[in-house]
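The values are calculated or read from the model by the stated rules, or taken from the named source; none is laboratory data. Being a predicted model, the structure only gives us computed values, none of them experimental. Virtual Cβ from ideal backbone geometry, glycine too; neighbours counted across all protein chains shown. Just so you know, the surface numbers come from the protein's heavy atoms only, side chains and all, with ligands and any DNA or RNA stripped out. Shrake-Rupley method; radii C 1.70, N 1.55, O 1.52, S 1.80 Å.
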Amino acid sequence: MELITILNRCHRFRGFVYQHARFSADHKSIEVGVRPRKGSTAICSRCHQPARGYDELAERRFEFIPLWGFFVFLLYTMRRVDCRRCGAVVVEEVPWGDGKRTLTKAYMLFLARWARRLSWKETAAAFRTSWDKVFDAVEHVVTWGLEHRGLGQIDAIGVDEIQYAKGHKYLTLVYQIDPDITRLLWVGKERTIESFQGFFTAIGEEVTSKIAFVCSDMWEPYLKVIREKCSEALHILDRFHIVAKMNKALDEVRADETRRMRLAGLDPVLRKSRWLLLRREENLKDEQRFRLRDILRYNLKTVRAYLLKEVFQQLWDYQSAAWAGKFLDEWCRHTMRSRIEPMKKIARSLREHRELILNYFRAKKTISSGTVEGLNNKAKVTMRKSYGFRTFRVLELSLYHALGKLPDPESTHDFF
Ligand SMILES: [Zn+2]
């Protein structure tokens, strides 16, 4: 069986024929000649319609999927057309290629699918190609996917930020968090009003107007955009961010008190207590639990802050927004009298966002902000895989590729 026979079986295009397959001079690659079928018309790459031939350009090499350790190239002399529709001389469009990219579409899809399982660097190494070519492949597949994805009706979205480099470099990520589909919808630069507005511009007013639930943290620019764009939607404050804020406040109290006690020459009872206090009690081992009980006997600010945090957790068990509201008010009142400034700060913030927190109960907990948290964790894992260069474009592509559930370009054959 000849190579041409196999190619005709899996990578055949109307209007083109495979001529011959031969080794390159160094025997490292297989080169396959391609030419237009006699009498076939070239397609204008600008308007995608057949057009009159004009002249020919130099031969181009399109890299195909490697075979048994040999690189494979398709060699083709590109034609130019004199397109009356476009009123210009334009290079033809070939069905296996994408503009100026040097890889065939089939090879790009092949590499991009591997790049979902491996890091880009590993993918490049596995197929003896370069990181840049993997980048190209993913860019091609993601661009196609974004152009061809269906947004459908989006009921619920969650917005979150993610830090991707030191020095306050953030991305804004918007997810769809409907019960039947969760996916990344949008990656924006920074976490500003403009970046989040970019999402609404991208999806358009029609889709925006049907959004019923929005889940976010307390980041003011996000709150502002949601008020503006989704005034009809139920806005829910993200439960995990509230818990995270509370843990941060508690940690501040503990660090401060530990320092004071050391300066005063007191017993270092809080030494190594950090994780005991931040972890949920049910997640502690026996000896840790005994240590925690021991610490809780002291009348310390840290202990009082810890108890406030623990009591607060009960909020999420409520079924009705009214009762949850009563509990929240009571907790805030109590905390405001605690004379523990970091906790008071939280109480003030919770009071300020009271309605948004209670929306969690009004949404009958159907929209779980845990979904956002889960997606954001996946996004962090995606970013941690070594991508070579942590530029915005690389992260944007890798995130869409991993979490966007984008459709793949059509292919003549399932090569992967
Ligand atoms: Zn044209």
Q: Can you tell me which residue among Phe64, Phe71 is part of a strand (DSSP E or B), more than 16 Å from the ligand (Cβ to nearest atom), in contact with a Phe, Trp or Tyr (Cβ under 6 Å, 6 or more places away or on another chain) and under 25 Å from Val91 (Cβ atoms)?
A: Phe64
Q: Give just the number: which of (1) closer than 18 Å to Met218 by Cα; (2) surrounded by 15 or more Cβ atoms within 10 Å (Cβ to Cβ); (3) free of Cβ contacts under 8 Å to residues at least 12 places away in the same chain does Leu350 not satisfy?
A: (3)
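Considering each of Ser45, Ser24 in turn, give the residue that is closer than 26 Å to Asp136 by Cα and within 16 Å of the ligand (Cβ to nearest atom). Can you show your working first?
Working: Ser24 fails: within 16 Å of the ligand (Cβ to nearest atom).
It is Ser45.
Can you find a residue in the stretch 296-315 that is among the hydroxyl-bearing types (Ser, Thr, Tyr), open to solvent by 40 Å² or more (accessible area, probe 1.4 Å) and at pLDDT below 80? Break it down into steps so the answer makes sense when it comes.
Quick first cut of the stretch 296-315, residues among the hydroxyl-bearing types (Ser, Thr, Tyr) only: 298, 302, 306.
Next cut, open to solvent by 40 Å² or more (accessible area, probe 1.4 Å) only: 298.
So of that shortlist, the ones also at pLDDT below 80 come out as 298.
Yes, the stretch 296-315 contains a residue that is among the hydroxyl-bearing types (Ser, Thr, Tyr), open to solvent by 40 Å² or more (accessible area, probe 1.4 Å) and at pLDDT below 80.
Hey, can you tell me all the residues within the stretch 62-84 that are charged (D, E, K, R) and exposed (fewer than 14 other Cβ atoms within 10 Å of the Cβ)?
Result: Arg84, single match.
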Q | Residues that are open to solvent by 70 Å² or more (accessible area, probe 1.4 Å), in contact with a strand residue (DSSP E or B) (Cβ under 7 Å, 6 or more places away or on another chain) and under 27 Å from Phe110 (Cα atoms), drawn from the stretch 38-61 | A | Arg46, Glu59, Arg61
Q: Search the stretch 36-48 for residues that are free of Cβ contacts under 8 Å to residues at least 40 places away in the same chain and pair each with any residue that is among the β-branched types (Val, Ile, Thr) and more than 7 Å from the ligand (Cβ to nearest atom) when their beta-carbon atoms are under 6 Å apart and the residues are at least 6 apart or on different chains.
A: Arg37/Val17
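Table: residues versus (1) among the hydroxyl-bearing types (Ser, Thr, Tyr); (2) farther than 19 Å from Val32 by Cα; (3) assigned to a helix (DSSP H, G or I); (4) out of contact with any Leu (no Cβ under 6 Å at 6 or more places or on another chain).
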residue: Thr77; (1), (2), (3), (4): yes, no, no, yes
residue: Val81; (1), (2), (3), (4): no, yes, no, yes
residue: Cys86; (1), (2), (3), (4): no, yes, no, yes
residue: Val89; (1), (2), (3), (4): no, yes, no, yes
residue: Trp96; (1), (2), (3), (4): no, no, no, yes
residue: Ala115; (1), (2), (3), (4): no, yes, yes, yes
residue: Glu122; (1), (2), (3), (4): no, yes, yes, yes
(Q) Given (1) within 16 Å of the ligand (Cβ to nearest atom); (2) closer than 30 Å to Ala125 by Cβ, identify the lone condition not met by Val81. (A) (2)
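So in the stretch 138-177, with the set limited to residues that are among the polar types (S, T, N, Q) and open to solvent by 10 Å² or more (accessible area, probe 1.4 Å), which one is nearest to the chain's Cα centre (by Cα)?
Gln163
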